[in-house]
Amino acid sequence: AANHFFGLKIAIICSVIWTIADIARHKIKKIPLSTFFMFSAAITLVFGALDLYLDQSVFFKFEASLTNFLMGIYFFSSMFRDKTIIQEFAESQGQLKKAVDIDTAYLFKVLTLLWCCYFWVKSCFYFWVALNYSIEQAIVIRGTAGNISLYLFIFLSVAGAKQVKVLLAKLNMLPSTRLPKT
């Protein structure tokens, strides 16, 4: 709304203020900040500051590509923690009714890797769009393709997770299928 009525600079300022206010709200209410929230806030604050400082559209034109590339790195880095970001999302949404076994933890790693690939492919697409279209056209293309692909990938991740697990079992790729039989 701020972008539509007042322009991009005001929209960026509003995003930065909103982010700072949300961090303050978390701190005041003593709500822990998730790693994903901290990552998103950092991206908003750093890129917002750069957009305002540079005051040109060149950085803004490539920002979506860089953001998706960094998001892929962030998701990939979660593969080396106790819980991947996808498992954390599932837990926060109440999707897990019981403790996670080794096969389900492995499934979350596979899904996280698929999300990494999604973000990196989207980053390449956005980079291509930035090179070949005006900023106005790029915003429309990114907004349309990005939202459609994001919602589709969320749907496929949620609705298709069980099928992926079945496929991994058939291919003997789950940890329990690779364990020696005793």
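The values are calculated or read from the model by the stated rules, or taken from the named source; none is laboratory data. Just so it is clear, the structure is predicted and the values come from calculations on it, not from any experiment. So basically every Cβ, Gly included, is an ideal-geometry build from the backbone, and we count neighbours across all protein chains shown. In case anyone asks, the SASA skips ligands and DNA or RNA and just uses the protein heavy atoms, side chains included. Shrake-Rupley method; radii C 1.70, N 1.55, O 1.52, S 1.80 Å.
Compactness of the chain was expressed as the Cα radius of gyration divided by 2.2 N^0.38 Å, which yields 1.22. Compared with the alpha-carbon gap, the fully stretched path from residue 151 to residue 13 is longer by 47.0 nm at 0.36 nm per residue. With respect to the chain, whose longest principal axis is taken over its alpha-carbon atoms, helix 102-132 is tilted by about 30°.
In a shell of Cβ-Cβ distance under 14 Å around residue 138, excluding residue 138 itself, what net charge do Lys and Arg (+1) and Asp and Glu (-1) give? It works out to a net charge of +1. Ellipticity at 222 nm from helices only: DSSP H runs of n ≥ 4 in the chain, each -39500 (n - 2.57), divided by the residue count, give -27000 deg cm²/dmol.
Each Lys and Arg contributes +1 and each Asp and Glu -1, all at the Cβ; summed about the Cα centre of the chain, the dipole is approximately 720 debye. Cross-linked pairs 122/162; 30/162; 98/122; 61/165: Cα-Cα separations exceed 28 Å for 30/162; 98/122; 61/165.
Over segment 1-96, Cα pairs under 8 Å with separation of 6+ residues give a relative contact order of 19 percent. Per residue, segment 1-94 exposes 63 Å² of solvent-accessible protein surface, assessed with a 1.4 angstrom probe and all protein chains in place.
Think of segment 50-140 as a dipole: +1 on every Lys or Arg Cβ, -1 on every Asp or Glu Cβ, centred on the Cα centre; then among 104, 89, 68, 104 lies furthest on the positive end. Between residue 53 and residue 25, the contour length at 0.36 nm per residue exceeds the Cα-Cα span by 7.4 nm. Shape class for segment 8-96: oblate, because the ratio a/c of the largest to smallest gyration tensor axis (alpha-carbon atoms, square roots of eigenvalues) is 1.5 or more and b/c is at least a/b. Note that segment 159-165 has calculated 3J(HN,Hα) couplings of 6, x, 4, 5, 5, 5, 5 Hz, one per residue in order, obtained from phi through the Karplus relation 6.51 cos²θ - 1.76 cosθ + 1.60 (θ = phi - 60°); glycine and proline are x. What shape does segment 74-130 take by its C-alpha gyration tensor, where a ≥ b ≥ c are the square roots of the eigenvalues and a/c under 1.5 counts as rounded, a/b above b/c as prolate, and the rest as oblate? Note, shape of segment 74-130 comes out prolate.
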